[in-house]
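These notes concern the structure reproduced below.
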2 protein chains.
Amino acid sequence: MASIKDIAKKAGVSISTVSYALNGSDKVTKETAAKILKIAEELHYVPHAAARLLKKQQSNLIGIFLTDFSGNFYGDLLQGVKEYLSGKGYDLLVCSGEKSRRLIPERMIDGAIVLDVTFSDKELLQYAEKGHKTVVLDRELLHPNVSQVLLDNKAGATLAMEYLLELGHDKIYAVTGPSGSYDANQRLRAVRQAAERAPHAQVIELQGDFGRASGEAAARVIADEYERPAAVFCLNDEMAVGAYRCFTSYTDLKIGEHIHLIGFDNIELAQFAIPRLATIDYSMRKWGAIASEQLLKMIAAQPVEAERIYVSLIKGESVGPSPSVK
Amino acid sequence: MASIKDIAKKAGVSISTVSYALNGSDKVTKETAAKILKIAEELHYVPHAAARLLKKQQSNLIGIFLTDFSGNFYGDLLQGVKEYLSGKGYDLLVCSGEKSRRLIPERMIDGAIVLDVTFSDKELLQYAEKGHKTVVLDRELLHPNVSQVLLDNKAGATLAMEYLLELGHDKIYAVTGPSGSYDANQRLRAVRQAAERAPHAQVIELQGDFGRASGEAAARVIADEYERPAAVFCLNDEMAVGAYRCFTSYTDLKIGEHIHLIGFDNIELAQFAIPRLATIDYSMRKWGAIASEQLLKMIAAQPVEAERIYVSLIKGESVGPSPSVK
DNA sequence: AGATGATATCGAAACGTTTCGATTCAGTTT
DNA sequence: AAACTGAATCGAAACGTTTCGATATCATCT
């Protein structure tokens with residue numbers, strides 16, 4: 001493979017001159033630069049990333065760390081990140097699994113975006129302490145080298161609850177998420193606050209884990225004790241999808257009539273469900289873009305402040321008015 | 001950041017001794033090694049990836065190149081790759097977009113898995129020529145540094161066609177894929193061959209592009225000229241999903257009764273559709289695992305031979321018998 | 001006792017860049 | 001003509017490793 005050294009030899013100049021020419025420095029004459037560039041082209045020269053990284057201590061690579069690749073969840077988020085970064089000369093590496101974290105201390109990436117509950121706060125702080133820049137998407141973490149872009153979970157859950165209450169529902173099941181999840185906890189808190197503000201309504205919590213199966217299981221419990229129309233707020237869409245499956249296959253309760261269902265996240269599957277699932281929407285793409293923006297700012301040692309991603313209610317036929325107020 | 005040099009100084013030994021100790025060489029005594037390891041631990045030493053890569057010319061990083069991150073399509077594939085690789089000490093980088101290809105010539109990754117039609121054969125061959133090892137998933141390419149793991153598209157499309165024909169369908173629409181796609185072309189060829197073998201049946205081709213919208217558009221054409229029950233073979237599920245949308249919202253044709261629908265890929269959305277979409281299934285996970293296996297073999301300069309991923313028919317209520325044979 | 005060999009350690013080169021400071025060589029000023 | 005300036009180029013060090021060959025040390029064999 002051709003290296004800068006080969007170019008230097010062929011051009012009859014020193015290595016440093018080649019380097020300057022290749023980097024567009026104005027220290028070299030136009031003619032020399034042109035000659036060098038031409039030879040580089042001929043030799044199909046491509047700089048060796050490792051050598052450059054070793055010297056410059058920056059790779060122009062950003063890592064995003066996810067719990068797993070499965071599910072449709074991350075597509076738009078990644079797209080948002082990628083779009084933003086590629087405009088700035090950075091490339092994105094999608095990483096998953098404990099082992100890939102080595103990329104951080106090994107200084108392979110210039111910064112990390114983290115959406116992975118299996119990453120402990122402690123570990124993140126440790127990296128931050130060593131100077132690695134990080135944007136977290138699933139927790140709050142106070143450190144000069146860490147910034148956060150969080151969903152407005154509270155607003156979303158409140159929106160969902162108020163929607164149900166306004167339609168006259170007074171028996172509401174809340175299918176919760178894993179207790180280790182920041183988003184799940186935030187949403188649950190908002191549900192409880194809404195419940196307190198509506199003492200006439202009965203709010204029943206059922207434990208879920210954000211997985212589809214847990215939504216299905218919760219739905220089964222609800223179906224088994226069914227007496228009268230009720231509403232179900234699944235704290236994410238994935239569980240709502242599970243609930244759909246149960247209600248349509250296991251019972252003959254009609255969604256949007258006998259049982260009312262609302263989710264959170266507006267995943268693709270939800271958009272496709274029949275009847276349309278009511279849910280809380282937000283822009284994943286924007287989430288990714290803002291996270292990237294913050295990360296690059298931190299890398300450039302510019303000040304950043306935590307941001308929040310706003311959410312909105314999407315109505316759907318999966319929620320109808322309570323028959324009691326008809 | 002602590003380097004090997006700092007350890008050497010603190011331990012009072014030479015740099016090379018530290019390197020040997022850290023790499024578990026038996027050239028150093030147990031005691032020296034223990035002392036060095038202890039100091040490395042204290043100093044939170046982590047090797048600098050760039051330095052090591054520069055010297056060893058290998059990163060233990062594999063890149064997988066995808067057209068985009070969107071859609072649910074790749075989840076299991078990535079999972080399969082990751083699982084296989086992480087057992088072998090390799091990490092996976094998921095790359096998308098033209099710019100990220102620089103990682104190959106810059107020697108940042110030890111090998112590449114490619115499932116990205118925007119990659120030209122020419123470009124791939126160029127890399128191969130320079131010694132970069134590649135496994136391609138979406139084309140056939142003859143080069144000692146390239147290996148391929150392909151779907152058995154022909155078998156799948158044949159399976160689907162025969163299923164429809166057996167059920168008595170004699171008017172079959174085939175919604176095709178983009179002409180640049182290897183998979184689309186293979187499937188289409190098999191459709192045409194099946195059509196030739198069944199001269200009594202009428203097979204009508206409609207151009208699609210594997211995108212959901214094109215499936216929806218094709219369905220609209222079909223609906224507009226609808227006279228009698230017909231079957232539709234969408235050459236991938238994504239288009240079948242689009243067709244669902246059209247048939248259920250735009251017409252009152254009942255899927256599986258008035259109009260029969262079969263897809264290819266068995267994507268998650270298809271599994272969830274009501275009625276269940278008939279389709280062609282294969283293991284994405286296995287696809288990824290085999291591709292990784294081949295790549296590592298090539299890197300280790302072991303011989304490999306092209307493999308094929310087998311497919312199977314999944315029946316679903318979206319296809320019923322033709323009323324003409326009832 | 002001197003030669004031999006094995007073992008543990010070391011020094012230095014190499015990987016491919018970037019970049020600082022030094023050098024050369026015009027052209028300009030006095 | 002000597003001294004000075006600035007531009008173009010060069011040499012060498014540095015980034016953090018690995019690894020080859022050399023050296024030092026010590027026990028063993030004759």
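The values are calculated or read from the model by the stated rules, or taken from the named source; none is laboratory data. Every value quoted in this text rests on a predicted model; they were computed, and no experiment measured them. Cβ sites come from the backbone with ideal geometry, for glycine too, and all protein chains shown count toward neighbours. Surface accessibility is based on the protein's heavy atoms, side chains included, excluding ligands, DNA and RNA. Shrake-Rupley method; radii C 1.70, N 1.55, O 1.52, S 1.80 Å.
Within the stretch A:98-114, is even one residue of a type in the set (Gly, Ala, Ser), open to solvent by 10 Å² or more (accessible area, probe 1.4 Å) and either within 8 Å of chain B (Cβ to nearest Cβ) or in contact with a Gly (Cβ under 6 Å, 6 or more places away or on another chain) (or both)? No, the conditions are met nowhere in the stretch A:98-114. Among the conditions (1) touching a strand residue (DSSP E or B) at 6+ places or on another chain (Cβ under 9 Å); (2) more than 30 Å from A:VAL18 (Cβ to Cβ), the only one that A:ASP76 does not satisfy is (1).
Filtering A:GLN148, A:GLN126 for residues that are out of contact with any Phe, Trp or Tyr (no Cβ under 6 Å at 6 or more places or on another chain) and part of a strand (DSSP E or B) leaves a single hit, A:GLN148.
Please pick out the residue among A:LYS88, A:LYS56, A:LYS35 that is within 13 Å of chain B (Cβ to nearest Cβ), open to solvent by 60 Å² or more (accessible area, probe 1.4 Å) and more than 16 Å from DNA strand C (Cβ to nearest atom). Going through A:LYS88, A:LYS56, A:LYS35 in turn, the sole match is A:LYS88. Here A:ALA223 clears all of (1) within 22 Å of A:ASP138 (Cα to Cα); (2) open to solvent by less than 50 Å² (accessible area, probe 1.4 Å); (3) in contact with a helix residue (DSSP H, G or I) (Cβ under 8 Å, 6 or more places away or on another chain) except the condition numbered (1). B:HIS260 meets all of the listed conditions (1) over 19 Å from the mean Cα position of the chain (by Cα); (2) at pLDDT below 95; (3) not in a loop (DSSP other than H, G, I, E, B) but one, namely (2). Checking each residue in the stretch B:99-128 for being modelled with pLDDT under 95 and of a type in the set (Asp, Glu) picks out only B:ASP116. For the stretch A:38-53, a residue qualifies if it is within 41 Å of the chain's Cα centre (by Cα) and either more than 10 Å from DNA strand C (Cβ to nearest atom) or facing another protein chain (nearest Cβ under 9 Å) (or both), and the qualifying residues are A:GLU41, A:HIS44, A:VAL46, A:PRO47, A:HIS48, A:ALA49, A:ALA50, A:ALA51, A:ARG52, A:LEU53. Evaluate the stretch B:65-82: report whether one residue or more is more than 9 Å from DNA strand C (Cβ to nearest atom), within 14 Å of chain A (Cβ to nearest Cβ), open to solvent by less than 10 Å² (accessible area, probe 1.4 Å) and within 29 Å of A:LYS56 (Cβ to Cβ). Looking for residues that are more than 9 Å from DNA strand C (Cβ to nearest atom), within 14 Å of chain A (Cβ to nearest Cβ), open to solvent by less than 10 Å² (accessible area, probe 1.4 Å) and within 29 Å of A:LYS56 (Cβ to Cβ), one finds at least one in the stretch B:65-82, hence yes.
Do we have A:VAL13 as touching a helix residue (DSSP H, G or I) at 6+ places or on another chain (Cβ under 7 Å), open to solvent by less than 60 Å² (accessible area, probe 1.4 Å) and under 30 Å from A:LYS286 (Cβ atoms) here? No: the conditions fail for A:VAL13. A:LEU66 meets the conditions (1) within 16 Å of DNA strand D (Cβ to nearest atom); (2) out of contact with any helix residue (DSSP H, G or I) (no Cβ under 7 Å at 6 or more places or on another chain); (3) within 26 Å of A:VAL136 (Cα to Cα); (4) not basic (Lys, Arg) in every case but one. The failed one is (1). Scanning the stretch B:264-303 for residues that are open to solvent by less than 20 Å² (accessible area, probe 1.4 Å) and acidic (Asp, Glu) turns up just one, B:ASP265.
Candidates B:VAL146, B:VAL175, B:VAL191, B:VAL203: the one that is modelled with pLDDT of 95 or more and assigned by TED's automatic domain parsing to the domain that holds B:THR134 is B:VAL146. In this structure, is B:VAL136 surrounded by 23 or more Cβ atoms within 10 Å (Cβ to Cβ), without any contact (Cβ under 8 Å) to a residue 24 or more places away in the chain and under 18 Å from the mean Cα position of the chain (by Cα)? When the stated conditions are applied, B:VAL136 passes them. Annotation note: Cβ proximity below 9 Å between a residue of the stretch A:3-32 that is within 25 Å of A:ALA50 (Cβ to Cβ) and within 10 Å of DNA strand D (Cβ to nearest atom) and a residue that is part of a loop (DSSP other than H, G, I, E, B) and open to solvent by 70 Å² or more (accessible area, probe 1.4 Å) (sequence gap 6+ or interchain) occurs for A:THR17/A:LYS27; A:TYR20/A:ASP26; A:TYR20/A:LYS27; A:ALA21/A:LYS27.
Scanning the stretch A:10-23 for residues that are modelled with pLDDT of 95 or more and more than 16 Å from DNA strand C (Cβ to nearest atom) turns up nothing.
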